[in-house]
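The values are calculated or read from the model by the stated rules, or taken from the named source; none is laboratory data. The model shown is predicted, which means the values in this text are computed figures rather than measured ones. Using ideal geometry, Cβ is built from the backbone for each residue, glycine included, and neighbour counts are taken over all protein chains shown.
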Amino acid sequence: MNENEKFAAAGWPLILAGAAILGSLALACMMPFVALAALAALTMSRAQALVTVAGIWAVNQLMGFGLFGYPLDAYAFGWGGALGAASLAAMLVARRFAAAVPSTLPDPLRLGTAFAAAFAGYEALLFCYALFAGGTDTFTAAIVFEILANDALWLVGLGLLYAILQRTAPGLFGPALALRPR
């Protein structure tokens with residue numbers, strides 16, 4: 001594997017991880033897990049997307065417990081685990097929906113459809129966890145919409161960044177926008 005191929009394999013996941021770190025620093029409680037999961041799902045192999053999403057979640061948790069002082073109790077650890085599981089599930093849902101959408105659909109609609117399905121699955125899983133662990137009061141329409149808007153903005157911004165990277169460095173990121181599960 002030459003240097004370009006090595007960077008191509010690691011570059012985009014590292015960019016998403018960097019976005020996650022910046023997102024954690026800026027918005028510790030509003031990490032755009034679904035946006036990151038959907039982009040990973042549609043731009044990477046399944047294995048690479050799983051590792052990327054799991055790594056992003058782990059960095060977010062390390063920052064939360066290490067820098068932001070999340071409480072070291074079962075409730076916080078449980079919610080951290082639930083966020084990780086829901087993020088991985090969102091990635092898998094996004095892949096499944098993207099693969100099921102007709103290939104004639106424009107890439108932004110493919111990404112939007114996959115994101116919408118992933119967001120619904122993510123929130124449903126977290127709500128089910130909240131029924132068990134507590135915290136259903138955080139699932140008001142206003143809060144869920146705020147999280148949706150945050151994730152959607154990250155999705156658009158990082159999606160545009162991906163498109164720019166592909167156009168400016170096609171040897172590293174591909175010759176054209178190709179939002180398809182690989």
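For this structure, a couple of remarks:
- Scope the stretch 34-60; condition farther than 17 Å from TYR162 by Cβ and touching a Gly at 6+ places or on another chain (Cβ under 9 Å); matching residues: ALA54, TRP57, ALA58, ASN60
- Tally, over the stretch 146-158, of residues that are under 14 Å from ALA116 (Cβ atoms) and either touching a residue at least 40 places away in the same chain (Cβ under 8 Å) or of a type in the set (S, T, N, Q) (or both): 4
- Hey, GLY157 loosely packed, with under 14 Cβ neighbours inside 10 Å, at positive phi, of a type outside the set (D, E, K, R) and modelled with pLDDT of 90 or more or not: no
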